[in-house]
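A quick write-up on the structure given underneath.
The values are calculated or read from the model by the stated rules, or taken from the named source; none is laboratory data. Owing to the predicted nature of the structure, the values given are computational and were not obtained by experimental measurement. Using ideal geometry, Cβ is built from the backbone for each residue, glycine included, and neighbour counts are taken over all protein chains shown. Protein only, heavy atoms only, side chains kept; ligands, DNA and RNA dropped before computing areas. Shrake-Rupley method; radii C 1.70, N 1.55, O 1.52, S 1.80 Å.
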Amino acid sequence: MSDPLFARYGREFQVGEVLFREGEAGSLMFVIQSGTIRITKRVGAEEKTLAMLGPGEFVGEMAILNCKPRSATATVVQGPMKC
């Protein structure tokens, strides 16, 4: 059985794809259906992992809610990821 909402709005991403980068403007949020996303933030010369997110979680909403640039980077680390 196919999900009509996914068919209309969903996307599939492969391992290594970046959903968004720290500092970019944000107009989309993502609800994770499958796969894993790593959230990272640059601290000085290092990139620190803030979270690993999976099915049922969402990401990217803060840039929409506060109208500020993305505060972190989201990268697919296990997939394919569907959202």
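Could you please find all residues in segment 30-66 being farther than 15 Å from residue 82 by Cβ and among the aliphatic types (A, V, I, L, M)? Those that are farther than 15 Å from residue 82 by Cβ and among the aliphatic types (A, V, I, L, M): 39, 43, 45, 50, 51, 52, 62, 63, 64, 65. Annotation: residue 4 fulfils all but one of (1) touching a Lys or Arg at 6+ places or on another chain (Cβ under 8 Å); (2) free of Cβ contacts under 8 Å to residues at least 24 places away in the same chain; the unmet one is (1).
Among residues of segment 24-50 that are under 12 Å from residue 77 (Cα atoms), those with a Cβ under 6 angstrom from a residue that is among the basic types (Lys, Arg) and modelled with pLDDT under 95, sequence gap 6+ or separate chain, pair up as 34/82.
The strands (runs of 3 or more DSSP E) found entirely in segment 1-70 that carry 2 or more residues being open to solvent by 50 Å² or more (accessible area, probe 1.4 Å) and in contact with a strand residue (DSSP E or B) (Cβ under 6 Å, 6 or more places away or on another chain) are 34-43, 46-53.
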